[in-house]
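The numbers here are math on the coordinates, done by the rules we state, and not lab data. Note that the structure is predicted; figures quoted are calculated from it, not measured. Using ideal geometry, Cβ is built from the backbone for each residue, glycine included, and neighbour counts are taken over all protein chains shown.
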């Protein structure tokens, strides 16, 4: 039997009900992907969705930083924020140091509190539209080299099994949502800042962290009809223990010391992701003018679609 990967992956972009031929339900993100007919050997490394008299809807929930991408998503944009005058050189150096500490030691609750205070203070007064424009323009250059190949493969596996993919991150929604679209996620849940007169006030409306992540996951599950006991979750940090406990199939990825110990005690599987692969030689980055225009007309999904295409194509070549 010959597996037509191109047809399968085109089928994956359809909403679940369209795949079954029983109507349609709009997806959160619409990304058109085409891939070649060859496939990697490790496709389908996760079990298929459970069979039942009434189909069970399931999802895979992914933390973002150090689980899907190799750095802090917020701090990774320090250079373009500096180039556009949002931060000064001293702040860039502080961000680089914070990034180093994050990569070397992970983040416990105390470190996350410090990181939250640092970032909210840093972005107070920023123009929201300017931030969105900068993220859209720099998305390909910043995120493309950071996505773990293993994470991209795992996301594709879950989609092949008919599951939604949800990115759940403590970073700001203006950064998380475009990255989620780029990697082909169905939904994104992230921290929301208070905005007045188009600018951040420095206050947080919703902090997508710890139990906050679980609240967001349960709300989404109720809305989408997910059975959490059949869902999956992936994270590197002990701060995401509540999220991992909320699903039936938790897996730790690049775990910090505390989470590794917890996972061993509970018998949870552990994975190591260590292959962030640059893709620039496969898909050329869009020009700044093109991205700026796409933002203005609401078509910034073109850049995200190109990145999704390159992620999937990497494993088909």
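Test of understanding: ordering 266, 260, 89 by Cβ neighbours within 10 Å, fewest first, what list do you get?
With the fewest neighbours first, 266, 260, 89 line up as 89, 266, 260.
Expressed in nm to one decimal, what extension gain is obtained for the pair residue 121 and residue 265 from 0.36 nm per residue of sequence separation less their Cα-Cα distance?
Length difference between fully extended and current span is 48.0 nm.
If I model a spin label as a point 7 Å beyond the Cα along the Cα-Cβ vector, how far apart are those points for residue 192 and residue 206 in nm?
That separation, rounded to one decimal, is 0.5 nm.
Based on alpha-carbon centroids, what's the gap between the stretch 204-276 and the stretch 156-188 in Å, whole number please?
14 Å
Please give the peptides 148-154, 270-276 ranked by average Cβ packing (other Cβ atoms within 10 Å per residue), highest first, as a rough proxy for protection.
Result, highest mean first: 148-154, 270-276.
Order these by the 10 Å Cβ neighbour count, fewest first: 194, 128.
In increasing order of surrounding Cβ atoms, one gets 194, 128.
Quick check on the exposure proxy: order 199, 261 from fewest to most C-beta atoms within 10 angstrom.
261, 199
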